[in-house]
Amino acid sequence: MSEQFLRTELLLGEDKMEKLNQSHVAVFGVGGVGGFTVEALVRSGIGTIDIIDDDAVCLSNLNRQIIATRSTVGRYKVDVMKERILDINPDAVVNTYKTFYTHKTSEMFDFTMYDYIVDAIDTVSGKIELVLQAQKAGTPIISSMGAGNKLDPTAFEVSDIYKTSVCPLARVMRNELRKRNVKKLKVVYSKEKPIVPKKSLETDGKSYENPQGSNTCRQTPGSTAFVPSVAGLIIAGEVVKDIIKL
């Protein structure tokens, strides 16, 4: 095992580090939550990672997304994330997909090839499709519920979707998954009641053009540097622990 993982190996042991190195994880969405998930997975020794996102970095991402800097504005998030991953671990295998995940684009992915799937996307339809595909493939999945419009990073919990409360997104997901006979889903969610955003910013209602010309950055809810990041790190921890059966 590389020297860069020695501190982790002290806690997990050589066999578990090798298990992480041989694992293949897909992270759908590399924004405020998913970006931190990817970062922690790579620093934990995950050997192969697929990152899926069609967005470019915007100025409005600078307050919370780990890949967002002035120098990366306008670049595709998966491209920036790949460079960062390989700068951390040059031996990592990184597959990038510049696509917006829907039921129409799900055929691009063989979900049986993954050891774990992370859902860090925003749309309910996309999240549901991910869960259904993971269930069909028999691949473990963990899903991020709402991290926007929150200020308390200590309110996050890991639970089954049917044991969640308060979170509006979790409520919608519970209802939709029940209709589809999905029996369980591991999620990270917050019991903090969402805050109604203050509409005092000049950028309210605007979108930011992607200089590369193929898409625009979608309007997002209010967010901070310390809430979605915590959700992302919790997700990464759960993935690592589940893979090595800790």
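Expressed in nm to one decimal, what extension gain is obtained for the pair S2 and K198 from 0.36 nm per residue of sequence separation less their Cα-Cα distance?
Values: separation 196, 0.36 × 196 = 70.56 nm, distance 4.77 nm.
Here the answer is 65.8 nm.
For a quick check: sort T164, T112 by the number of other beta carbons within 10 angstrom, fewest at the front. Mind showing how you got there, number by number?
Numbers: T164 21, T112 11.
Ordered from fewest to most neighbouring Cβ atoms within 10 Å, T164, T112 come out as T112, T164.
Can you show me the helix-derived [θ] at 222 nm for the chain, built from DSSP H runs with n ≥ 4 at -39,500 (n - 2.57) apiece and divided by the number of residues, rounded to the nearest 500.
That comes out to -10000 deg cm²/dmol.
Quick one: which residues, 5+ away or cross-chain, put their amide H under 5 Å from the amide H of S44? H built at 1.01 Å from N.
none
For the chain, what are the per-bin percents of Cα-Cα distances with bins 5 Å wide, up to the bin holding the maximum?
With a bin width of 5 Å, the distribution comes to 1, 6, 14, 18, 20, 18, 13, 7, 3, 1, 0.
Of the residues P197, P228, P140, which exhibits the maximal mean-square fluctuation in a Gaussian network model of the chain defined by a 10 Å Cα contact cut-off?
Checking each option, the largest mean-square fluctuation is seen for P197.
By how many nm would the segment from A225 to A137 grow when fully extended, if each residue of separation counts as 0.36 nm and the alpha-carbon distance is taken off?
On the way: separation 88, 0.36 × 88 = 31.68 nm, distance 3.44 nm.
This chain segment gains 28.2 nm when fully extended.
With a 10 Å Cβ neighbour count serving as the proxy for reagent exposure, in which order, fewest first, do R7, R84 appear? Each step should come with its number before you reach the end.
Numbers: R7 8, R84 18.
Ranked by crowding around the Cβ, least crowded first: R7, R84.
Let me check against my output: what whole-number percent is the relative contact order of the stretch 1-71, with C-alpha pairs under 8 Å and at least 6 apart? Show your work: numbers first, answer last.
Values: 78 pairs, mean separation 21.7, N = 71.
So the answer I get is 31 percent.
Just rank F111, F226, fewest to most, by other beta-carbon atoms within 10 angstrom.
Numbers: F111 18, F226 12.
So the ranking, lowest neighbour count to highest, is F226, F111.
Applying the Karplus parametrisation 6.51 cos²θ - 1.76 cosθ + 1.60 with θ = phi - 60° to the phi angles of the stretch 155-162, what ³J(HN,Hα) value in whole Hz is obtained for each residue in order, glycine and proline being reported as x?
The phi angles translate into 8, 6, 9, 9, 7, 7, 4, 7 Hz.
Over 21 Å between Cα atoms: which of K98/K127; K77/K184; K77/K193 fall into that group? Intermediate values should be presented prior to the final figure.
Values: K98/K127 17 Å; K77/K184 31 Å; K77/K193 30 Å.
Listed pairs above 21 Å: K77/K184; K77/K193.
Restricting to Cα pairs below 8 Å that are 6+ residues apart, what does the relative contact order work out to for the chain? Please round to a whole percent.
Details: 460 pairs, mean separation 58.1, N = 246.
Computed over the chain, the figure is 24 percent.
Could you give the dipole magnitude of the chain about its Cα centre, charging the beta-carbon of Lys and Arg +1 and that of Asp and Glu -1, in debye to the nearest 20? Each step should come with its number before you reach the end.
Values: 32 positive and 30 negative charges, 228 e Å.
Rounded to the nearest 20 debye, it is 1100 debye.
For the stretch 101-144, what class follows from the C-alpha gyration tensor (a ≥ b ≥ c being the square roots of its eigenvalues): rounded when a/c is under 1.5, otherwise prolate if a/b is larger than b/c, else oblate?
Judged from the Cα gyration tensor, the stretch 101-144 comes out oblate (a/c at least 1.5, b/c at or above a/b).
What share of the DSSP beta bridges in the stretch 3-243 is antiparallel, in percent to the nearest 5? Walk me through the numbers before you get to the answer.
Numbers: 8 of 28 bridges.
Among the beta bridges of the stretch 3-243, antiparallel pairing accounts for roughly 30 percent.
A short reminder: the numbers here are calculations on the coordinates, not readings from a lab. These numbers were taken from a predicted model, which means no experiment stands behind them. As a convention, Cβ positions derive from the backbone with ideal geometry for all residues, glycine included, and neighbour counts pool all protein chains shown.
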